[in-house]
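The values are calculated or read from the model by the stated rules, or taken from the named source; none is laboratory data. Note that the coordinates shown come from a computational prediction; the quantities given were computed from them, not determined experimentally. Neighbour counts run over all protein chains shown; Cβ positions are idealised from the backbone, glycine included. For the accessible areas, the whole protein counts, side chains as well, though only heavy atoms, and no ligand, DNA or RNA atoms are used. Shrake-Rupley method; radii C 1.70, N 1.55, O 1.52, S 1.80 Å.
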Amino acid sequence: MGENLVLDLGGRVAVITGGSGGLGLAVAKELNGLGAHVILLGRSLDKLNKAASQIDSTDGSSSVYACDVSNEDSLAQAAQKIFAAHSNVDILVTCAAAAASGGKFEESTLSEWHSLLSIDLDGVYLACRIFGKSMIKQSYGRIVNLTSFHNIATYPYRSGYNAAKSGVEGLSRALAVEWGHYGITVNTVAPGPILTPRTEWFLSQDEANLDGMLSRTPNVRVGKLEDVSSTVAFLVSSEAKHINGQQIVIDGGWTKNAWWGNHTNLT
């Protein structure tokens, strides 16, 4: 973004699923700071209220609704309450994700598969369908679905996660084509290694983990939450009105790196 570019989301209503999580809260803070009314969705009302208390802006405002985004009735009931308080929803950002899981594909179970996909893929489907209908009626909408750099370059033992996030990217592409003429854009943001609690736990397990991550990354740093949230903010702004159906990878060059050396040693 240019030095003089000023984003303004004043008057916009933004729904953020997984709003009490690391990335969801970071996105909420960013959009709120630009003037949007942010609505946080998540399973735990206590966690949502705690997250909302961390949002501090004189421009925007916030509200919370507890629901299960993978359950159609639960999400529909939350949406009904939202539309009772707001005539329109202008922005949807889907950040809800299942707990970290992995393992050998041949040892996985169908129940584990369904549990992961119900949140990471079904939850996105339901949120886009429910809130997308209102965007169609108002002929305006901005949708950003979180995917992952695993769609492009992955680790072993991530088959379920890859399937879910690849499904989200495919769904988003299809909706961009189908809904673009309504004035709705649908894009995805694919974070690489970002300093979330999950990544911090991984780095804490072995000093070599950080060294390996930095040596693979041309930017020679681990991504920050604001690297993701600022990109989302741009994509939902009027400045990005002609960006549609794209996946923006935020990984410091990780997935473009074919060099076998250590980037920290380059001079």
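See the values below:
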| quantity | calculated |
| --- | --- |
| Within segment 131-162, considering residues that are among the aliphatic types (A, V, I, L, M) and in a helix (DSSP H, G or I), the one least open to solvent (accessible area, probe 1.4 Å) | M135 |
| Candidate set from segment 86-98 (those that are open to solvent by 10 Å² or more (accessible area, probe 1.4 Å) and out of contact with any Asp or Glu (no Cβ under 9 Å at 6 or more places or on another chain)); member that is farthest from L31 (Cα to Cα) | S87 |
| Of residues in segment 58-82 being over 18 Å from T94 (Cα atoms) and in contact with a strand residue (DSSP E or B) (Cβ under 9 Å, 6 or more places away or on another chain), the one most open to solvent (accessible area, probe 1.4 Å) | K81 |
| Residue under evaluation T154, criteria (1) more than 20 Å from G252 (Cα to Cα); (2) over 16 Å from the mean Cα position of the chain (by Cα), criterion not met | (1) |
| Pair list, Cβ < 9 Å and 6+ apart or interchain, from segment 82-95 residues that are modelled with pLDDT of 95 or more to residues that are among the hydroxyl-bearing types (S, T, Y) and open to solvent by less than 10 Å² (accessible area, probe 1.4 Å) | L92/T17; V93/T17; T94/T17; C95/T17 |
| Qualifying residues in segment 42-55 (those that are without any contact (Cβ under 8 Å) to a residue 24 or more places away in the chain and surrounded by fewer than 13 Cβ atoms within 10 Å (Cβ to Cβ)) - the one farthest from D8 (Cα to Cα) | D46 |
| Filter result (within 23 Å of S118 (Cα to Cα) and in a loop (DSSP other than H, G, I, E, B)) within segment 42-96 | R43, S44, C67, D68, V69, S70, N71, C95, A96 |
| Residue under evaluation G22, criteria (1) touching a Leu at 6+ places or on another chain (Cβ under 7 Å); (2) within 19 Å of D227 (Cα to Cα); (3) at pLDDT 95 or above, criterion not met | (3) |
| Sole residue being touching a residue at least 60 places away in the same chain (Cβ under 8 Å) and either in contact with a Ser or Thr (Cβ under 7 Å, 6 or more places away or on another chain) or of a type in the set (S, T, N, Q) (or both), chosen from T231, T188, T154 | T188 |
| Set A174, A233, A163, A208: member being of a type in the set (A, V, I, L, M, F, W, C) and within 12 Å of the chain's Cα centre (by Cα) | A233 |
| Close pairs (7 angstrom Cβ cut-off, 6 or more residues apart or separate chains): closer than 18 Å to A99 by Cα in segment 197-218, among the polar types (S, T, N, Q) anywhere | F202/N209; L203/N209 |
| Residue within segment 99-119 that is on the phi < 0 side of the Ramachandran plot, crowded, with 19+ Cβ neighbours inside 10 Å and among the small types (G, A, S) present | no |
